[in-house]
Amino acid sequence: MAVSRDRAHQSWRTAERVKRLSDRLVGIGPFGIGLDGVLAWVPGANLIYSVAAGGLLMIEGFAAQASLATLLRMGVYLAADAGTSEVPIIGWAIDTVFPAHLMAAKALQKDIEARHGPAEMPHGWGGKKKGKLRNVTPN
C-alpha cells in the first residue's frame, strides 16, 4: 500500500526535528553542535541517545516507505555514529563533529521530496516568517 503524501511529509518534519536537535542546536556557519555532540562526552548517554534518535529516523524512513538505497545509506551513517560513541576520547571527539543524524535525516528528506514533493516547514523551524503585525486603530 502506498504511503500518503501527508504521512510522508510528517516523516519529513520529524526528520527535520531530529536533525536540528541532534546536530544543529547551535550553528556557526556550516558547523553546528547539538545533543549528540554534547552527549558524546557522557559515557552511556551518548550511545543511548545515538541509538534512540537513529532508531526514530529509521522508523520514519520505513513509515515513509523510503527506498532501500536510502534506508541503507541512513543505516551506515547511524551505525558509524553509534560505533564511535563507545570509543573513549577519540571516538567521542569524532562523534562530536560527525553529523550522522543530520546526514541520515537529509537522505530521508531528499527521498521523500523526490516522491511526494517538498514539505512545509513547521512554524518556528526556519519556515517563511510572517510580516510584523501592526496594531491599527480606526480614526
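The values are calculated or read from the model by the stated rules, or taken from the named source; none is laboratory data. What you see is a predicted model, and the numbers here were worked out from it, not measured in a lab. Note: ideal-geometry Cβ built from the backbone for every residue, glycine included; neighbour counts use all protein chains shown.
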task: Only residues that are closer than 17 Å to LYS106 by Cα, small (Gly, Ala, Ser) and surrounded by fewer than 14 Cβ atoms within 10 Å (Cβ to Cβ): list them for the stretch 1-59, please.
output: GLY27, GLY55
task: Find the residue count for the stretch 91-118, including only residues that are surrounded by fewer than 18 Cβ atoms within 10 Å (Cβ to Cβ), hydrophobic (A, V, I, L, M, F, W, C) and at pLDDT 95 or above.
output: 1
statement: Contact list, first residue from the stretch 1-20 and of a type in the set (A, V, I, L, M), second anywhere and loosely packed, with under 13 Cβ neighbours inside 10 Å, beta-carbon distance below 7 Å, six or more apart or interchain, is none
- prompt: Restricting attention to the stretch 66-73, does a residue exist that is of a type in the set (D, E, K, R) and either in contact with a Pro (Cβ under 7 Å, 6 or more places away or on another chain) or in contact (Cβ under 8 Å) with a residue 40 or more places away in the chain (or both)?
  reply: no
- prompt: Somewhere in the stretch 15-27, is a residue in a helix (DSSP H, G or I), within 16 Å of MET103 (Cα to Cα), of a type in the set (Gly, Ala, Ser) and within 13 Å of the chain's Cα centre (by Cα)?
  reply: yes
Residues within the stretch 35-44 that are in contact (Cβ under 8 Å) with a residue 24 or more places away in the chain and not in a helix (DSSP H, G or I), tallied: 3
